[in-house]
Amino acid sequence: MASPAASSVRPPRPKKEPQTLVIPKNAAEEQKLKLERLMKNPVRRGPGSTARPRPTPFLCSASGFPQDKAVPIPEKMSEWAPRPPPEFVRDVMGSSAGAGSGEFHVYRHLRRREYQRQDYMDAMAEKQKLDAEFQKRLEKNKIAAEEQTAKRRKKRQKLKEKKLLAKKMKLEQKKQEGPGQPKEQGSSSSAEASGTEEEEEVPSFTMGR
């Protein structure tokens with residue numbers, strides 16, 4: 001049986017490789033250094049284990065392996081709002097009491113907070129006004145676009161109906177001219193043939209005179 005002293009001996013830590021000091025010149029180089037530091041050892045493994053680790057849901061690399069450190073994603077900061085006024089003021093000074101040396105500073109802070117509250121209310125009113133104007137303008141542009149689309153749709157429909165009507169009339173005209181057209185061609189061809197025979201029978205001059 002192994003002694004407790006032997007079991008408490010920790011394995012030696014691997015020696016770290018010396019790294020060159022790199023000073024980033026801009027934000028892009030700083031981001032590049034951070035990414036390189038994160039991607040140096042992306043696989044989380046126990047000491048001496050060679051099994052493929054299971055990807056954990058907190059953070060995975062492009063190859064599917066979990067990272068050593070989770071990247072913090074900052075939440076959206078909430079909009080600043082002034083502190084609401086107190087419902088009950090407890091430190092009200094009576095008319096018979098004298099003002100101390102710190103009352104002016106208390107008044108100054110109260111006045112500053114009141115000015116901040118008024119500025120906040122004015123800014124919120126201006127923001128609501130701009131939002132309402134933007135929504136009105138957006139609705140107006142939407143209605144104009146729908147009217148323009150309807151107008152163009154109506155124009156396309158008219159052109160389509162006109163083309164269909166012209167095609168239908170052309171087909172009806174062809175159907176009407178279909179049976180009578182060969183007779184006319186036959187009569188014209190017979191007239192041409194008779195004309196050529198008459199020209200051959202009646203010479204324009206006589207020979208031997």
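Calculate the spin-label point distance for Q135 paired with R153, positioning each point 7 Å from the Cα along the beta-carbon direction, and give it in nanometres.
For the pair R153/Q135, the computed spacing is 2.6 nm.
Express in nm, to one decimal, how much length is gained between K175 and A123 on full extension, taking 0.36 nm for each residue of separation and deducting their alpha carbon distance.
Stretched fully, the K175-A123 segment lengthens by 11.0 nm.
Past 32 Å, Cα to Cα: identify those pairs from K140/K160; K140/K167; K142/K162, in the order given.
K140/K167
We did not get these values from a lab; they are worked out from the coordinates using the rules stated. As the structure is a prediction and not an experimental result, all values here were calculated from the model. Glycine gets a Cβ as well: all are built from the backbone with ideal geometry, and neighbour counts include every protein chain shown.
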